[in-house]
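Values quoted throughout were computed directly from the atomic coordinates according to the rules given, and no laboratory measurement underlies them. These numbers come from a predicted model, not from an experiment. All Cβ positions, glycine included, derive from the backbone under ideal geometry; neighbour counts span all protein chains shown.
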Amino acid sequence: MSSWNDIKNGHYGSTYNIDYDPITICGDWKLSFGAYLDEDPNLFWFEDDEEGGTGSTDIGAVAWLENPITGAEIRMPFGINYSIFGNPENPDEFYLSEPDRSLDHEAGIWWDIDEISGIDINEAREFVDDNLQEIFDAIIDVVNKNLYKFGYEL
């Protein structure tokens, strides 16, 4: 387990055994995850101030989309940016805001397709593009549920 303090001090944040149950989305597709969530120390920043401080961090992992009917699989690494707010009464408490669900890359959402099986790459891209909101709503819900493992809460 890592914490915001590890990241603040330049250490890599990673937590294993993501809490989730595989989720059925987009009709017949099953969403699952690799074994870990990572917090990128190169994208973490925080500045203290009299109101507790502000900053941001990126948390990412690998999502797997599998269609049990067709056997198609899509491996999709992703990252989500969260704004951080400090607690002026307790400098060891940090809160994250709900991430921007608009899927705007500028707002800190990124994803890629880096492996496929049983599906053409163009079909995989089209499927993900057409269903990106539903996919990311489910991904964000799982990441939010696991923020406590990094020492954060919403």
Tilt relative to the chain, helix 121-145 - C-alpha long axis, 0 to 90 degrees, to 10 | 40
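Could you work out the helix-only [θ] at 222 nm for the chain, with each DSSP H run of four or more residues adding -39,500 (n - 2.57) and the total divided by the number of residues, to the nearest 500 deg cm²/dmol? All intermediate terms of the calculation are to be shown ahead of the outcome.
On the way: 2 runs with 30 residues, N = 154.
Taking each H run of at least 4 residues, the total per residue is -6500 deg cm²/dmol.
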Can you give the FRET efficiency for residue 114 and residue 56, using 1/(1 + (r/R0)^6), R0 = 30 Å, r = Cβ-Cβ distance, to the nearest 0.05?
-> 0.75
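Using 0.36 nm times the number of residues separating residue 101 and residue 141, minus their current alpha carbon distance, what extension gain do you get? Kindly include the intermediate steps, with their values, before the conclusion.
Working: separation 40, 0.36 × 40 = 14.40 nm, distance 1.05 nm.
Contour length minus Cα-Cα distance gives 13.3 nm.
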Net charge of Cβ neighbours under 12 Å - reference residue 144; Lys, Arg +1; Asp, Glu -1 | -2
With the label point 7 Å along the Cα-to-beta-carbon line of residue 26 and a cut-off under 11 Å to each amide N, the hits in the range 109-140 are 113, 123-136
Cβ under 14 Å from residue 68's Cβ, residue 68 left aside: what net charge do those residues give with Lys, Arg +1 and Asp, Glu -1?
-> -2
